[in-house]
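What follows is a short report on a single structure.
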Protein chains: 2
Amino acid sequence: MSAPVRLVPLGGLGEIGLNALVIEAGDERILVDCGLMFAQDHHPGVDYLIPDLSYLGSPGRLRAVLLTHGHEDHIGGLPHLLRRHRVPVYGTAMTLGLVRERLAEHAPTTTSLLQSVAPGAWVEAGPFRAQFIRITHSTAGACALGIEVHGRRIVHTGDFKLDPTPVDAMPTDEAALARWGDGGVDLLCCDSTNAHRPGPTPSERLVGEALHRLLPDVEGRAWVATFASNVHRVQQVIEASRAVGRRVTLLGRAMVRTTRIARSLGHLRPAPGDLVPEPRSRGMPRDSLTVVLTGSQAEPGSALWRVTRGLEPHHRILPGDHVFLSSRLIPGNERAIYRQIDRCIRLGARVHYEEVSEIHVSGHASAADARRVVELTRPRCVLPVHGELRHLQALVDRARGLGYPPHRCFRAENGVVVRLDDQGIRPDGTVPTGRLYVEAGTEGDVADGALADRRRLGRAGLVLAVAAVDPAGALVWGPRVELRGVVPDDQASREAREAEEELARVVRREAPEAPSAEDWETLFTVALRRHFRRRGNRRPVVVATVAEV
Amino acid sequence: MSAPVRLVPLGGLGEIGLNALVIEAGDERILVDCGLMFAQDHHPGVDYLIPDLSYLGSPGRLRAVLLTHGHEDHIGGLPHLLRRHRVPVYGTAMTLGLVRERLAEHAPTTTSLLQSVAPGAWVEAGPFRAQFIRITHSTAGACALGIEVHGRRIVHTGDFKLDPTPVDAMPTDEAALARWGDGGVDLLCCDSTNAHRPGPTPSERLVGEALHRLLPDVEGRAWVATFASNVHRVQQVIEASRAVGRRVTLLGRAMVRTTRIARSLGHLRPAPGDLVPEPRSRGMPRDSLTVVLTGSQAEPGSALWRVTRGLEPHHRILPGDHVFLSSRLIPGNERAIYRQIDRCIRLGARVHYEEVSEIHVSGHASAADARRVVELTRPRCVLPVHGELRHLQALVDRARGLGYPPHRCFRAENGVVVRLDDQGIRPDGTVPTGRLYVEAGTEGDVADGALADRRRLGRAGLVLAVAAVDPAGALVWGPRVELRGVVPDDQASREAREAEEELARVVRREAPEAPSAEDWETLFTVALRRHFRRRGNRRPVVVATVAEV
């Protein structure tokens, strides 16, 4: 009988993004991935969110970070982590290539912590031993992890699908997974993102075939927007373009950077002449150029966003062009993406997107992929990871169908400690988790309280009252009222005057004797809230400040 | 040769919602539909939007409003219109039933303008004659319109699909459409919403079949969330529930109201005992009740929203329940819907939604439906209506394939005047269009300027500086700084003190001679903007007010 192991998900379970899973044996810990989450509508002004890692406590007990792949939701929180915990970070060369750029920007002294691991190789960290196992996903250099500690054996898939015909001819190392199965696997942590979808996830090749079919019809320029990290997608665009005599140029900082890294590591293999530097592409005939660019999610400031707004003078969409949005419409981005599609159409382009053309396939395991990994590794227990609640639940449902009872498979959310012992897995209490809001490019944090204020201000606007009183509490100036975002601009000054008249009435009627400045502020605040609630049920934020002079 | 007719889309072309199409012959006008649009994320605090109808000018030239069906995006702007233009409003009994409730609430003196029209019947309005032609859609009582004026003949489909097996056994009146074709149709205004989808749109019956298949597996309560207006869907839930021995109760104001109207008009035909009033449903065994409720879009305050938050004490989701989201995930609502799904799962329910079960079909014509209507009416010209730009363009593309050249079919957006004459159709200038923002239940408008202020406040928060100066311009109090929504609450007072210290430095360094209160306000505003930009690149709204005492 060996000692129990505890898994502590600090992010990524019950929400998309922020992936960070602590694995503990006794006092020793490793962390699998450390990601970020992009801000959503209810995070106004925030750039992105990172997991609150305070559970890790003071430096010392964490032995290493193991990275499964280089997507932002798996690496974006590293600068924040490494500034406090200076531990080795293991990942494949491609993963670390992406990490390095990020660290160089945000935490330059930490790049020396990165240690490259070849797929198939093992690393050691305290009592932990881990093998990196090549697995296919929508970026290059992705790995599953086989982890041994105190005699317990855990396989973590990372993000994956089982692509039988990967673009880079580097398939999942199923032999290694099967060897782990032969040696006994106590727990499989399995990507659940697409577990609700039946069958296998289609091969990335499908997109290449669609591009080969569609590109010959493009009269003008071909524009292909996709995630920079989707190296295989870029490779296929290059090959399909070559087949119709088009050269390819890259737009967007992330696209140029990621492609450079992928190329240096052999993940991207353009033939001589396939790629043309952007400045040299400017004068090229429209029918001989494909532009691969960022902005498939209509992210403000991204390359396609700029192009559709005429902000790239050398790269304009014209009639006869085709725009391919070769990516998923991520929930929350749909309206912005649709507006961007409409902009392209208005400029005269034909637009291909997931809804109308087969120009995207997912990088995540559908039910048949998950089942195959279970068959290879034959785990005693299964823990769904990486997904919102309905995804985790879908994988639990699939596992039940494969014969896993609740003590061998259940749904854990962030903060739920999962204890793995001889009996199986079970919830073993909770730990505090949370998110930190990062904005304006700094790592400063914005707390929920400030966001609530912003949401209120953003919903109904602001009413401001200012006055001055003498030391006896008598009004000597004001109250003056100002409005921001409450009513249309042409009515704002009239509404402000009426509010001032209301305050004057309140002063005559309700003023206490010898009030302090604070008494006045309370009186004004209450009166203005009432006044605006009565006028069309408006509920602006009211701020009153009274000077004592 | 007959006189030209002009079509002026004031809403609905190039955006979803706000449908309002003016048809003009000489000085005479009618309006087809008058809808609203639900507010989106970039309309903070706004409840909904209605078309700016100022193009209609002073009352007098508008002869009538013809309503194709009772969805909010076709009727929601009527109160606003009718308060200014007291003209007859024609529609079927079901459509007017929905309109009447809305008018009674917002413009009670206008309900006398409603005039019910039976499908197949004609109405006259000035030089216009129009026939209401029964057509299938995702609500009851929907009609296409055949409109004659000055010898020109226009068919407007309204929103439709061609359902071969409608739930209420009231199919599209294809014979009437064919008779219009026989008599010659100059222009077909055709719903384009689903024109990008190949084939026909499936029959509503498909949903009934799915419910018959899925309901027997439900151990606890069945919850079916759908749009209240989808009367046929409610009918099918009732029938599928009856088949498994479940009675049905209704939750949500709109659900109860719409169902009452539909029932009184024979569009909904429950058998005796099928429906149980909500108070009597409370004690019923969980496996003998289906709850049909609003909230499929996770609208705040809707029935399902309340249930998932425990705000309906008599109606709780428990393990063993199944929740059916029998509706589309409308773009922009996805994240909220997914969060609501996750809430249901956390409460122990199994959730069926469009992505995992066949429990929704669209009410809009796919390519084959549109083609069939073209074949029936054989129009000289086709104008795509009702859709965002990519939908309109998709129908233009389909029409090209059917042999319609640009002078017989093109893509018009809101405000583009479409002239119909003997040569075909062509753009004939533009007219101003726009939207009015309605909020807080009143019909008061919030202009774009105020929304821009709200967005800025909502993104970055507010910094407020207050001071008092004597008549010579010398500071006698302050400046005091307050922050709202800029930094976390626990840092706000420290940040405010530091901003005050910065202002004190600015006062010493930069204060002009004998400044006015306004000079001080400018100085403080500029200094605070600079200060916060330097601190983490924050860009709050800055307001400075200086009292002169």
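The numbers here are math on the coordinates, done by the rules we state, and not lab data. This is a predicted model, so every value here is computed, not measured. We place every Cβ from the backbone using ideal geometry, glycine too, and count neighbours over all the protein chains shown.
Observations on the structure shown:
- Pseudo-label separations to other copies for A:P202 - Cα-to-Cβ vector, 7 Å, nm: 1.9
- Amide hydrogen neighbours beyond the local backbone of A:V87, cut-off 5 Å, H modeled: none
- Placed amide H near A:F160: partners under 5 Å, 5+ positions off or other chain: A:A365
- Per-copy distances of the B:A169 label point, shortest first, in nm (7 angstrom along Cα→Cβ): 6.6
- Simple point charges give the picture: +1 on the Cβ of Lys and Arg, -1 on the Cβ of Asp and Glu, and for chain A a dipole about the Cα centre of about 920 debye.
- Taking amide H as placed 1.01 Å from N in the peptide plane, the amide H of B:L251 sits under 5 Å from that of B:V292, B:L293, B:T294, each at least 5 places away or on another chain.
- Cα long-axis angle, helix A:389-401 against chain A (0 to 90 degrees, to the nearest 10): 30
- Assuming charge only on the beta carbon of Lys and Arg (+1) and of Asp and Glu (-1), the dipole of the protein assembly as shown about its Cα centre is about 1400 debye to the nearest 20.
- Shown in residue order for region A:269-286 are the 3J(HN,Hα) couplings computed by the Karplus curve 6.51 cos²θ - 1.76 cosθ + 1.60 at θ = phi - 60°: 10, x, 7, x, x, 4, 9, 10, x, 3, x, 6, 7, 4, x, 5, x, 5 Hz (x for Gly and Pro).
- Stretching the chain fully between A:T111 and A:D182 yields a gain of 21.8 nm (0.36 nm per residue, less the alpha carbon separation).
- Per-pair calculated FRET efficiency, R0 = 30 Å: A:S493 and B:Q40 via Cβ, rounded to 0.05: 0.55
- Think of region A:59-143 as a dipole: +1 on every Lys or Arg Cβ, -1 on every Asp or Glu Cβ, centred on the Cα centre; then among A:H137, A:G91, A:W122, A:W122 lies furthest on the positive end.
- Region B:111-125 - phi-based ³J(HN,Hα) in whole Hz, Karplus 6.51/-1.76/1.60, Gly and Pro as x: 5, 5, 7, 6, 10, 6, 10, 7, x, x, 7, 10, 10, 10, 8
- Region A:461-548 - charge dipole about Cα centre, Lys and Arg +1 at Cβ, Asp and Glu -1, debye rounded to 20: 560
- Protection proxy ranking of A:152-165, A:394-407, B:474-487, B:383-396 - average other beta-carbon atoms within 10 Å, highest first: B:383-396, A:152-165, B:474-487, A:394-407
- Per-residue shielding of B:310-320, expressed as the average number of other chain Cβ atoms within 10 Å of the residue Cβ, stands at 0.
- For chain A, the longest principal axis of the C-alpha atoms and the axis of helix A:367-377 are separated by about 50°.
- Considering only B:A511, B:P540, B:F524, and ranking their Cα positions along the charge dipole of region B:461-548 that arises from unit charges at the beta-carbon of Lys, Arg, Asp and Glu, the one farthest toward the positive end is B:P540.
- Length-normalised contact order of region A:205-352 in % [C-alpha pairs under 8 Å, at least 6 apart]: 30
- Cα centroid separation - region A:197-244 against region B:134-201, whole Å: 39
- Value of relative contact order over chain B, rounded to a whole percent, pairs C-alpha under 8 Å and six or more apart: 16
- Positive-pole candidate from A:S281, A:V244, A:L215, dipole of region A:205-352, charges at beta carbon: A:S281
- Mean partner shielding of peptide B:482-490, defined as the number of other chain Cβ atoms within 10 Å of each residue Cβ, is 6.
- Label-to-label distance, nm, for residues given as A:R505 and B:A504 (7 Å Cα→Cβ offset): 4.2
- With a cut-off of 15 Å between beta carbons, the residues surrounding B:H314 carry a summed charge of +4, where Lys and Arg count +1 and Asp and Glu -1.
- Taking every DSSP beta bridge that has both ends in chain B, the antiparallel portion is near 50%.
- The string of couplings for region A:199-207 from the Karplus curve (6.51, -1.76, 1.60, θ = phi - 60°) is x, x, 6, x, 5, 4, 4, 3, 5 Hz, one whole number per residue in order, with x for Gly and Pro.
- Protection proxy ranking, peptides B:427-435, B:223-231, B:84-92, average beta carbon neighbours within 10 Å, highest first: B:223-231, B:84-92, B:427-435
- Near A:V476: Cβ cut-off under 15 Å, other residues only, Lys/Arg at +1 and Asp/Glu at -1. The net charge is -3.
- Net charge of Cβ neighbours under 10 Å - reference B:L98; Lys, Arg +1; Asp, Glu -1: +1
- Cα centroid separation - region B:409-428 against region B:314-366, whole Å: 41
- Angle between chain B longest axis and helix B:174-183 axis [Cα atoms, degrees, rounded to 10]: 90
- Sequence-separation-based contact order of region B:1-104, relative, with Cα cut under 8 Å and 6+ spacing, percent: 24
- Whether region A:205-352 is rounded, prolate or oblate, judged on the alpha carbon gyration tensor where a/c under 1.5 counts as rounded: rounded
- Shielding by partners, peptide A:384-396 (average Cβ within 10 angstrom, other chains): 3
- Computing FRET efficiency as 1/(1 + (r/R0)^6) for A:E354 and A:R529, where r is the C-beta to C-beta distance and R0 is 60 Å, gives about 0.80.
- Distance from the alpha carbon centroid of region A:379-408 to that of region B:257-302 works out to 35 angstrom.
- Placing a label point 7 Å from Cα along the Cα-to-Cβ direction at B:A504 gives distances to the equivalent points in the other copies of 3.7 nm, listed shortest first.
- DSSP-defined antiparallel bridges as percent of all bridges, region B:461-548, nearest 5: 45
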